[in-house]
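This report refers to the structure that appears directly beneath it.
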Amino acid sequence: MRKASFIILFFSGLTIAQAQNVLTLDSCRALALRNNKQINVSRLKQDVALNVKKAMRTKYLPKVDAVAGYELTSREISLLSKDQKTRLSNIGTLGMQQLGNSLTSDLSAQITSMVQQGTLTMEQAQQLGALTQQIGGSPIAQRLGAMGNAVGQSLVNAFRTDTRNMFGGAIMVRQPIYMGGAITAANRMADISGQMADNDLSLKTQSTLYDIDQAYWTVVSLKQKQKLANSYYELVKKLDDDVKKMIKEGVATRADGLRVDVKVNEANMQITQVDDGLSLAKMLLCQLCGLPMDREITLADEGRDRLDTFADAENSFVPDSTLSSRPEVRLLQNAVLMSEQSTKLVQSAYLPHVALTGGYLVSNPNMLNGFQKKISGLWNVGIIVQVPVWNWFEGTYKVRASKSATRMAELELADVQEKVNLQIAQCRFKVTEARKRLQMAEKNIKSAEENLRCAQVGFREGVMESTDVMAAQTAWQKAQSQKIDAEVEVKLSQVNLKKALGILN
């Protein structure tokens, strides 16, 4: 019982593994889109464009900056000169000296006048003069001079700035009001960049799908030709066996046998060539799908005797006049719009700019109440206006150059649109031509099969030579090969038309 269960599980697992290795066209496309590195790069470009777009939106909002700093200097700022400091420090002494000199000169004049008038004697005048000189050096005078010096020194100290150690900080707010249209142009350019990233992803997606379809149908074609080569080998091998029997019976010559041997060798070589080409084609398909190149795969359309060549979607699709379904055209349209916004951005640099500013500034020492050794600050609000006055026509030249670049982009867009229209027309003709070729190939197969049947019957009846049979076999192989090529050509022409129309997805 266990043995039977093991056998069932083994074959079930084998069936599942084989099913996993069978790839349809859609599964190959999905694998390629998931594993293709260029597509992943385009997705990252979309993420970059999205974040740039969000960053551009912040240009409309106010910006807040915080600044702080410390500075140590070798000398402090002095509001007073050295002479002024010396005079203020000795203001009391100098004042009492000037007062004493003034008193002495005035009293001496009065005493001299009184002596001349006879009011005072010479002895009394000498006593008064000695008393006057003693007043300048009295303790009271010295006390008053010291008090004056102290007041002067306090003034000198009050004027000290103490700016050797300086601390400062500020919070600043900037709100743009009018930047000449620069912010609007930058945001529109960011939006266009996002569209370009989307179109680039679409372009690389279509290119990847195109490569996958080409590789897929190439493998299917080579697989069909492998079957055809084996069938042809069986035909010529059967003829070789018949000719050898006839040689033994004496109804055929050795030359007939040699001619058939050559055909057998040719058929064997064709099998080898087709096998090698099929292996290489599968390796390419695995590489495009992101699978190991040595992996054994089977395609869902390999075993079909007839491929589905009917597709009405691309035939009925009518593109608009701008051909915007093509990602290449959309990219060029984006380039034109980007160039127009670039012109506006250049113009904005030579227009007036208006911005609102505000903030809070702190410093230590501060000058808000004299020079104080403490942190204090103040609010500020202002408006900044910048108006270009004269730049020697620099802006005019730059704007002209930018407009010329826009015109170049428009001409390139028009040229590509004309070429795409021509490409679409060519692809439609090729689809029609491929269908006609397939119909002719199918008719040729019927004729070749009937010709081969008649040749084989005639050879068995002895009324036809082996060369006739070999010619019929060659014609049959050629007709089958043309039919395979015609079917694949129809599929590939349909893929080319879808790519030309921009609907390959």
Exercise for review: State the percentage of accessible surface on region 200-321 attributable to carbon and sulfur atoms; use a 1.4 Å probe and exclude ligands, DNA and RNA.
Suggested key: 54 percent
Review point. Alpha carbon centre of region 146-179 versus region 351-387: separation in Å?
Key: 15 Å
Point to revise | Ratio Rg/Rh, restricted to region 422-502 and using Cα atoms, in which Rh is the Kirkwood radius | key: 1.25
Practice item. Quote to one decimal, in nm, the extra length available between LYS59 and ASP241 on full extension: 0.36 nm per residue of separation minus the C-alpha distance between them. Key: 56.8 nm
**Study point:** Net length gained if the chain between LEU361 and ASP320 were fully extended (0.36 nm per residue, minus Cα distance)
**Key:** 8.6 nm
Review point. Can you pull out the trypsin sites (Lys or Arg not before Pro) in region 256-343 that DSSP calls coil and that have at most 14 other Cβ atoms within 10 Å?
Key: ARG295, ARG304, ARG306
Revision key, fill the gap. extent check for region 359-462: Cα max minus min per principal axis, descending, whole Å, gives 132, 41, 18
Exercise for review: Assuming 1.567 mPa s and 4 °C, estimate D for region 290-389 with Stokes-Einstein, Rh taken as the Kirkwood radius over Cα pairs, in µm²/s.
Suggested key: 57 µm²/s
Study note, to complete from the structure: Taking the square root of 5λ for each eigenvalue of the C-alpha gyration tensor of region 168-222, the equivalent ellipsoid has semi-axes, largest first and in whole angstrom, of 52, 14, 4
Review point. Rolling a 1.4 angstrom probe over the protein heavy atoms, how many square angstrom per residue are accessible across region 347-505?
Key: 61 Å²
Review point. Counting only protein heavy atoms, what percent of the accessible surface of region 366-447 is carbon or sulfur at a 1.4 Å probe?
Key: 61 percent
Point to revise | Pairwise Cα inverse-distance average, inverted: Kirkwood Rh of region 218-281 (Å) | key: 12.6 Å
Point to revise | FRET efficiency estimate (nearest 0.05) - Cβ-Cβ, LEU422 to ILE445, R0 45 angstrom | key: 0.85
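The values are calculated or read from the model by the stated rules, or taken from the named source; none is laboratory data. Quantities reported herein were computed from a predicted structural model and do not represent experimental measurements. Because the Cβ atoms are built from the backbone with ideal geometry, glycine has one as well, and the counts that use them run over all protein chains shown. Please note that ligands, DNA and RNA were not included when accessible areas were found on the heavy atoms of the full protein model with its side chains. Shrake-Rupley method; radii C 1.70, N 1.55, O 1.52, S 1.80 Å.
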